Amino acid sequence: GAVVSQHPSWVICKSGTSVKIECRSLDFQATTMFWYRQFPKQSLMLMATSNEGSKATYEQGVEKDKFLINHASLTLSTLTVTSAHPEDSSFYICSARDAASGTTYEQYFGPGTRLTVT
Amino acid sequence: GQSLEQPSEVTAVEGAIVQINCTYQTSGFYGLSWYQQHDGGAPTFLSYNALDGLEETGRFSSFLSRSDSYGYLLLQELQMKDSASYFCASHTGGFKTIFGAGTRLFVKA
């Protein structure tokens, strides 16, 4: 089956620093990847849609200058949380669509990255 | 706007059948998916309905009525391992996905 990895799985950083999270599709090509944020016992909130070779599309209320997304290849998208603050502490999950899947809406999710900002 | 409503939690016993309902308000609606998520884990895809009717996959079935903006997930022969959160998710253009708030299912012995 399609596998998506994320790195790191967890990270603790100090307030004001930046953190980069990688999302990789391991056995398929992903022209589109999605970044979600999930607070404890809450739903997944779509932050942005990442398209290979073009700028990401951010959801309303998500600061694009704070959450930098780069989708440089068909298997890698990165999310950089810049100048992190404690309120950015959350579970960040990426997902990817198989470019060969046609019109199917199935997404493959990574295992998530738990970010704690102290 | 986009919104989905589903019950916050459901409790059932092992071996029983449970139905989790989902109503949605989505412009440019393409279809409805269901995902399962265990605590601390990533969501896993269960099913997708683009057309009205029932889709069956093993113990899980999903139903969609586009005219009623309504769908449900049916879990049969419940097992303890089915205890998890279940999310309905609507799809719009550009393969964008909006998730409901999730339903926590507790399966008791």
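Read the figures in this text as sums done on the coordinates, not as results from a lab. Values in this document were obtained by computation on a predicted structure and should not be read as measured data. Backbone-built Cβ (ideal geometry, glycine too); neighbour counts: all protein chains shown.
Placing unit charges on the Cβ atoms of the charged side chains and taking the dipole of chain B about its Cα centre, the candidate lying farthest along the positive direction among B:LEU73, B:LEU54, B:THR44 is B:THR44.
Selection among A:ILE93, A:LEU74, A:THR32 by position relative to the dipole of chain A gives A:ILE93 as farthest towards the positive end (Cβ unit charges, Cα centre).
Residue separation of B:SER3 and B:GLN79 scaled by 0.36 nm, minus their Cα-Cα distance, works out to 24.4 nm of gained length. Eight or more residues apart or on different chains, and alpha-carbon atoms under 22 Å: count the Lys pairs in chain A matching that. Going through chain A pair by pair, I get 7. Which of rounded, prolate, oblate describes the range B:39-109, given a ≥ b ≥ c as roots of the alpha-carbon gyration tensor eigenvalues and a/c under 1.5 marking rounded, otherwise prolate only if a/b is larger than b/c? In terms of gyration-tensor shape, oblate. With Cα atoms defining each centre, the range B:82-109 and the range A:1-67 are spaced 19 Å apart in the structure.
Within chain B, what's the longest stretch lacking trypsin sites (Lys or Arg not before Pro) that sit in DSSP loops with no more than 16 other Cβ atoms inside 10 Å?
Between exposed loop sites, the widest span is B:1-58.
Among the GluC sites (Glu not before Pro) in the range B:46-109, those placed in a DSSP loop whose Cβ has at most 12 other Cβ atoms within 10 Å are B:GLU77.
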